[in-house]
Amino acid sequence: MSPKNKKNKKEDRKKTPIARGMHDSLPHDAPYWEKIETTAKDIAREHGFVRIEPPILESADLYRKALGEEIDEIEKEMCFLKTKGDHALALRPEYTTGICRAYIEHSLNRQGQPQKLFSLGPVFRHDRPHLGQCHEQTQVNFEIIGGSNDPIYDAEIISMYVDFLSELKIKDFTLKLNSIGCKTCRPTYRRQLHNFYKNYDRSLCEDCKKHFSKNQLRLLDCKNERCATIKEGAPDFLNKICTTCSTHFKSVLEYLDEANISYTLDNHLIQGFEYYSRTVFGFFSEEKESGLFATGGRYDYLVEKLGGRSTAGVGIAGDVERIIAEMKAKEIAISKRSQKRVFLAHAGEPAKKKAFSLLQMLRANGIRVVEVLAKESLTAQLKVAHKEGLDLALIIGQKEIFEKSVIIRDLKAGAQETVSLEKIIAQVKKRL
Ligand SMILES: [Zn+2]
Ligand SMILES: [Zn+2]
């Protein structure tokens, strides 16, 4: 073998790690993912939401349209791809824009209004654009699009998310709300912000210096320590919004009061894009300011920006990884369904086939079964049952094949009895 070939062999054996910014969701986390998915589906169904899943890749132009000039600021946070045919695609950075595109494209405005839509899947952003790596995050998303901009919908989205978190037993969160006004009153507020920040423009961080001339609202969103101190003195939105916006916001709060949902007002909470209007909100972790469980808001200008008719919309996007981290940190138990599973084992080769046919029968009857039938010894199989914390085992041996029966063993008490094959389903169901 030539030295060159040798080198290639070595290269072949090198591990190829996961792409930077991506993550594997591993089997030991599966119970959390399952719990979140089932809870989201149940809550969605209870509140009359149906699933919509737009594609992960959208045309890059879609976001240019949605963001207008703001795209310059956002572009570096987005992940773009180019096809061989030279089409510019974007990995979705959030769900709302794609959903609104689908709403227009499939004339969902002709269906019953509003459309209540739910989604669950990955979104991608360049967290640290200078590293040029895409970061994957999973979002659970609820949107109410169409119909009127009735404040009851804002409250409904919020109360639904409160239900979702409490169903997951997450209690330590603060709901913060603000109103960022409408096309009529926002320009005035922007001017006031501009005037206020004029005195500080030299002390601002580089990002804020850019926002200062382009999108003043984003000045309120800066996490830089020095900028945060300056922000304290900035004028409040709530004192500046027009009467219509103010009435709308008050009404949202009244609905929340009705539903006994506690909240705090945060004058500096924003959704920086032009298509957002009026109510914005966020679910924050009580411990860490950065620990956001979800953000949301009203986006009455988005559908129109994408070429549709003027359409009201309000929605929320929850951070699934953040929720899982909280569930782990707080050691929130996920109801293990282990008690509801039965273990199936065989004692020896001839019984293995019978065990396999019993396995199909149990599963066909809706019984959840754990087995390691490939293992030869009964002891080795039962070890797995103990490890899984199971209470009940079904065992088939030579004698049982002959007698057309099955042994039911109580793994905790050690007691066992033989039941005829005919009665086994009923017996297992009785004991689970
Ligand atoms: Zn207004
Ligand atoms: Zn700043």
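Total residues in region 240-256 satisfying the condition of being over 18 Å from Leu175 (Cα atoms) and of a type in the set (Lys, Arg): the figure is 1.
Given the criteria closer than 25 Å to Arg218 by Cα, of a type outside the set (Gly, Ala, Ser) and within 16 Å of ligand 2 (Cβ to nearest atom), does Leu175 qualify? Break it down stepwise before answering.
On the way: closer than 25 Å to Arg218 by Cα: yes; of a type outside the set (Gly, Ala, Ser): yes; within 16 Å of ligand 2 (Cβ to nearest atom): no.
It is false that Leu175 is closer than 25 Å to Arg218 by Cα, of a type outside the set (Gly, Ala, Ser) and within 16 Å of ligand 2 (Cβ to nearest atom).
Taking region 136-237 and the helices (runs of 4 or more DSSP H) fully enclosed by it, the elements with 1 or more residues that are touching a residue at least 40 places away in the same chain (Cβ under 8 Å) and away from ligand 1 (no atom under 16 Å from the Cβ) are at 151-167, 206-214.
Every listed requirement among (1) more than 16 Å from ligand 1 (Cβ to nearest atom); (2) touching a Gly at 6+ places or on another chain (Cβ under 9 Å); (3) aromatic (Phe, Trp, Tyr) is met by Tyr276 save one, (1).
Taking the criterion of being under 22 Å from Tyr301 (Cα atoms), open to solvent by less than 60 Å² (accessible area, probe 1.4 Å) and outside any loop (DSSP other than H, G, I, E, B), the residues of region 40-74 that qualify are Glu58, Ser59, Ala60, Leu62, Tyr63, Ala66, Leu67, Gly68, Glu70, Ile71, Glu73, Ile74.
Name the residue, out of Tyr103, Tyr95, Tyr32, that is in contact (Cβ under 8 Å) with a residue 60 or more places away in the chain, open to solvent by 30 Å² or more (accessible area, probe 1.4 Å), closer than 30 Å to Glu167 by Cα and of a type in the set (Ser, Thr, Tyr). I'd like the intermediate steps shown before the answer.
Details: Tyr103 fails: open to solvent by 30 Å² or more (accessible area, probe 1.4 Å); Tyr95 fails: open to solvent by 30 Å² or more (accessible area, probe 1.4 Å).
On inspection, the qualifying residue turns out to be Tyr32.
A single entry from Lys240, Lys223 fulfils the requirement of being within 14 Å of ligand 2 (Cβ to nearest atom) and of a type in the set (D, E, K, R): Lys223. Screening region 206-220 for residues that are more than 9 Å from ligand 2 (Cβ to nearest atom) and over 18 Å from Leu269 (Cβ atoms) and picking the one that is least open to solvent (accessible area, probe 1.4 Å) gives Phe212.
The lone criterion from (1) farther than 20 Å from Gln271 by Cα; (2) open to solvent by less than 30 Å² (accessible area, probe 1.4 Å) left unmet by Glu37 is number (2).
When region 373-402 is filtered for residues that are among the basic types (Lys, Arg) and more than 21 Å from Pro31 (Cα to Cα), the ones remaining, listed by number, are Lys375, Lys383, Lys399.
Of the numbered criteria (1) touching a helix residue (DSSP H, G or I) at 6+ places or on another chain (Cβ under 8 Å); (2) closer than 30 Å to Phe164 by Cα; (3) more than 16 Å from ligand 1 (Cβ to nearest atom), the one Ile270 fails is (3).
Filter region 268-291 for residues that are assigned to a strand (DSSP E or B) and of a type outside the set (A, V, I, L, M, F, W, C); which is modelled with the lowest pLDDT? Before you say what the answer is, go through the steps one by one.
Initially, region 268-291 is screened for residues assigned to a strand (DSSP E or B), giving 277-285.
From what's left, of a type outside the set (A, V, I, L, M, F, W, C): 277-279, 282, 285.
Working: Ser277: 94, Arg278: 95, Thr279: 96, Gly282: 95, Ser285: 88.
The qualifying residue modelled with the lowest pLDDT is Ser285.
Residue by residue, here is whether (1) within 16 Å of ligand 2 (Cβ to nearest atom); (2) open to solvent by 50 Å² or more (accessible area, probe 1.4 Å); (3) over 17 Å from Ile157 (Cβ atoms) holds:
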residue	(1), (2), (3)
Gln271	no, no, no
Tyr275	no, no, no
Phe283	no, no, no
Glu286	no, yes, yes
Gly297	no, no, no
Tyr301	no, no, yes
Leu306	no, no, yes
Ala312	no, no, no
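Only a single item in (1) away from ligand 2 (no atom under 15 Å from the Cβ); (2) loosely packed, with under 13 Cβ neighbours inside 10 Å is not met by Asp266, and it is number (2). Which one is least open to solvent (accessible area, probe 1.4 Å), of the residues in region 352-388 that are within 20 Å of Leu432 (Cβ to Cβ) and of a type in the set (D, E, K, R)? Looking at the filtered set, the residue picked out is Glu371.
Somewhere in region 18-29, is a residue over 28 Å from Ser310 (Cβ atoms), modelled with pLDDT of 90 or more and more than 19 Å from the chain's Cα centre (by Cα)? Yes: region 18-29 contains one or more residues that are over 28 Å from Ser310 (Cβ atoms), modelled with pLDDT of 90 or more and more than 19 Å from the chain's Cα centre (by Cα). Condition first: under 24 Å from Lys305 (Cβ atoms), free of Cβ contacts under 8 Å to residues at least 40 places away in the same chain, open to solvent by less than 20 Å² (accessible area, probe 1.4 Å) and in a helix (DSSP H, G or I). Can you find one or more residues in region 108-115 that meet it? For region 108-115, residues under 24 Å from Lys305 (Cβ atoms), free of Cβ contacts under 8 Å to residues at least 40 places away in the same chain, open to solvent by less than 20 Å² (accessible area, probe 1.4 Å) and in a helix (DSSP H, G or I): absent. Within region 227-254, restricting attention to residues that are open to solvent by 80 Å² or more (accessible area, probe 1.4 Å) and modelled with pLDDT of 90 or more, the residue that is farthest from Ile74 (Cα to Cα) is Glu254.
The values are calculated or read from the model by the stated rules, or taken from the named source; none is laboratory data. Just so it is clear, the structure is predicted and the values come from calculations on it, not from any experiment. All Cβ positions, even for glycine, are placed from backbone atoms using ideal geometry, and neighbour counts span all protein chains on display. Heavy atoms of the whole protein, side chains included, go into the accessibility calculation; ligands, DNA and RNA do not. Shrake-Rupley method; radii C 1.70, N 1.55, O 1.52, S 1.80 Å.
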